[in-house]
1. Which number in (1) within 12 Å of chain A (Cβ to nearest Cβ); (2) more than 27 Å from B:G16 (Cβ to Cβ) marks the one condition that B:Y94 misses?
2. Filter region B:107-136 down to residues that are surrounded by 15 or more Cβ atoms within 10 Å (Cβ to Cβ) and not in a helix (DSSP H, G or I) and give me whichever is nearest to the chain's Cα centre (by Cα).
3. Could you please tell me which pairs satisfy a Cβ distance under 6 Å, a separation of 6+ or placement on different chains, a first residue in region A:118-139 that is farther than 16 Å from A:L219 by Cα, and a second residue that is open to solvent by less than 90 Å² (accessible area, probe 1.4 Å)?
4. Scan region B:137-161 for residues that are part of a helix (DSSP H, G or I), within 14 Å of another protein chain (Cβ to nearest Cβ) and either closer than 19 Å to B:R48 by Cα or without any contact (Cβ under 8 Å) to a residue 24 or more places away in the chain (or both) and jot them down.
5. Please count how many residues of region B:89-106 are in a loop (DSSP other than H, G, I, E, B) and either surrounded by 23 or more Cβ atoms within 10 Å (Cβ to Cβ) or among the β-branched types (V, I, T) (or both).
6. Could you list all residues from region A:177-186 that are under 19 Å from B:P153 (Cβ atoms) and out of contact with any strand residue (DSSP E or B) (no Cβ under 7 Å at 6 or more places or on another chain)?
7. In region A:166-179, what count of residues is obtained for those that are within 10 Å of chain B (Cβ to nearest Cβ) and open to solvent by less than 20 Å² (accessible area, probe 1.4 Å)?
8. Quick check on my filter: what residues within region A:68-105 are closer than 27 Å to A:F116 by Cβ, open to solvent by 50 Å² or more (accessible area, probe 1.4 Å) and either in contact with a helix residue (DSSP H, G or I) (Cβ under 9 Å, 6 or more places away or on another chain) or of a type in the set (K, R) (or both)?
Amino acid sequence: MIINRLTQMFAHFILLLGVLLMVIPIWLAFTSSTHDNVTLITEGMQWYPGPLFIENYDEVLNEKGGFSEEITATGMLINSFIMGLGIATLKVIISMMAAYSLVYFRFSLATPIFWFIFITLLVPLEVRIFPSYKIVSDMGLTNSYTGLVLPLVASATAVFFFRQFYKSVPDELLESAKLDGANSWRFFIDFLVPLSKTMIAAMFIFMFVFGYSQYLWPLLMTTDEKYWTVVMGMKLIYVELYEGVSLPRVGQRFAYIILSIIPPVLIVVLLQRWFIKGLIQTEK
Amino acid sequence: MSFINLKNVVKVYPDGTQAIFNSSLSIEKGELVVFVGPSGCGKSTLLRMIAGLEDVTEGEIDLDGNRINEIDPSERDIAMVFQNYALYPHMSVYNNIAYGLRSRGIKKLEIEAQVTNVSELLQIGDLLSKKPGQLSGGQRQRVAMGRAIARDPKVFLFDEPLSNLDAKLRVQVRLEIKKLQRKMGTTSIFVTHDQTEAMTLGDRLVVMNKGVMEQVGTPMEIYYHPKTKFVAEFIGTPSMNFITGSIKDKTFKASSFAVPARYEDKDDVILGVRPEDISITKATTGVKCKVELIEKLGSSTVIYCVDMKENQLCVSTQSRASVEVGDTIHISTNNKALHFFDRETSKALTK
């Protein structure tokens with residue numbers, strides 16, 4: 001009994017330690033984002049919230065940045081959100097369809113094709129970035145949302161997960177649906193999509209975070225500041241740090257960081273119920 | 001012209017294994033036919049071919065006068081109840097039943113009326129809003145039935161639908177299926193490996209073994225006049241007794257047996273006697289046996305014994321025989337209920 005209690009306490013101690021490790025930096029960033037720059041530079045990061053919450057965030061959200069001063073943090077947040085959303089949505093749709101065709105249509109070479117798709121995991125965007133850029137710019141898609149999203153929508157990981165899931169769906173379900181008059185399209189929409197709801201949520205979260213945190217691709221793709229994303233803006237705000245024209249705006253930088261993590265956190269919080277189910281689910 | 005016609009149907013799987021050998025069968029409208037056989041005999045394969053879930057390698061399947069070999073399962077107007085029910089886990093019971101109707105473009109009001117009808121018939125009215133995961137085995141079974149019935153198809157196919165139920169429920173559902181089928185008059189095919197189920201349900205049985213239809217007939221025909229040794233052995237519990245011997249001068253002679261046989265003289269004959277056609281006699285004229293095991297079932301007693309030549313025999317008697325293990329008893333056979341099979345071909349002898 002006592003030993004049980006001890007191990008339990010120990011487990012909780014480890015868990016608490018993990019939580020603190022994750023939360024403290026964010027807390028520090030948040031509290032520091034509400035102080036004025038003089039305090040931050042002279043006294044270092046602050047543990048308690050300060051008085052300048054509204055002022056700092058208002059400045060960050062609405063001040064125009066960049067060389068031609070066309071983009072605000074709000075604009076970049078919206079751009080990033082669009083990019084993440086577009087990539088996640090299209091990735092999920094395309095992967096589901098690809099996995100559906102691989103599992104349910106017995107065409108020859110289905111397995112080699114699957115492995116071929118799988119091999120593309122070894123070739124991340126950074127490796128094929130030049131040809132990708134060439135294609136996109138030839139299509140005239142630089143400086144557009146389509147150009148930001150389209151080259152990133154194929155996903156071997158998601159195809160793999162959906163394929164494994166579809167394989168676990170019992171054959172009788174398909175047969176029964178067939179006898180009930182469902183064609184292949186209806187089977188996909190009426191059966192596989194609702195059955196893989198949790199899987200979709202999990203994949204969507206992964207892919208959203210992946211799309212949201214892209215840096216190199218939008219950097220190459222966008223010369224027009226209108227299409228800048230949050231992660232690119234992060235770089236700009238740090239560049240300013242070293243140029244040191246006036247007092248470094250540390251508080252605003254922290255505010256910017258806090259703002260930039262809100263969209264992914266929002267997505268995770270909204271979808272987490274399904275997300276967890278999707279990861280731990282075994283048998284349907 | 002029969003309602004369902006199988007003409008020389010053959011099934012060979014892509015890997016070369018042959019599941020069904022040249023099988024022909026006619027099923028009349030409204031009949032309940034049972035495919036029965038041990039596992040792996042091809043009964044389910046044949047059913048799935050009729051449903052359209054397996055291709056027909058050779059031969060032809062007709063339904064209502066039309067060849068259906070090439071017709072998509074969804075167009076065949078056939079409903080099937082699967083062994084594990086294959087209910088749609090993400091849909092409520094109502095939607096499970098309504099799905100097939102919807103995909104056939106039936107109007108919403110009609111669907112509602114039909115689902116209500118079916119749920120009343122099967123007494124699942126209070127389950128309509130539940131998901132299959134919340135139902136018990138028996139309830140799932142009913143929903144699966146309901147889904148099949150709702151569409152009012154030309155044919156019902158049942159693929160061992162009772163094997164996931166416990167013994168008591170199985171008997172109850174068996175009766176319900178029979179009643180329901182009578183009431184609706186829909187042509188049905190039922191697949192099972194359980195010979196009691198087959199005997200009680202079927203208007204006609206098709207006994208299958210290793211991809212061959214061994215015998216087709218009413219339960220009584222099959223029980224009393226099995227055409228092959230396999231059928232004789234498979235149908236009936238406890239299983240029929242077999243003794244090898246030969247026929248000479250209208251008498252079958254084996255090691256310790258001698259019974260009248262009105263057949264031509266022949267060596268290598270197998271005598272088949274059902275356990276209930278053997279009785280214990282007080283007289284010492286019968287065959288002498290030693291009792292090895294007794295099973296008391298209440299309504300009858302099953303006695304396993306060996307004769308003096310080590311032939312295993314099984315006797316089933318209605319009377320409360322006061323026999324103990326190790327006793328020596330004398331038995332005699334009912335000579336009107338003997339079956340003779342050719343040992344080489346396993347076929348019943350003909351006069």
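1. Condition not satisfied by B:Y94: (1).
2. Within region B:107-136, the match that is nearest to the chain's Cα centre (by Cα) is B:L122.
3. As it stands, the answer is A:F118/A:A156; A:T120/A:A156; A:L121/A:A156, since those pairs meet every condition given.
4. B:A144, B:M145, B:R147, B:A148, B:I149
5. 1
6. A:A177, A:K178, A:D180, A:G181, A:A182, A:N183, A:R186
7. Number of matching residues: 5.
8. A:T89, A:L90, A:I94, A:M97, A:F105
The values are calculated or read from the model by the stated rules, or taken from the named source; none is laboratory data. Values in this document were obtained by computation on a predicted structure and should not be read as measured data. Note: ideal-geometry Cβ built from the backbone for every residue, glycine included; neighbour counts use all protein chains shown. Accessible surface areas use protein heavy atoms only, side chains included; no ligands, DNA or RNA. Shrake-Rupley method; radii C 1.70, N 1.55, O 1.52, S 1.80 Å.
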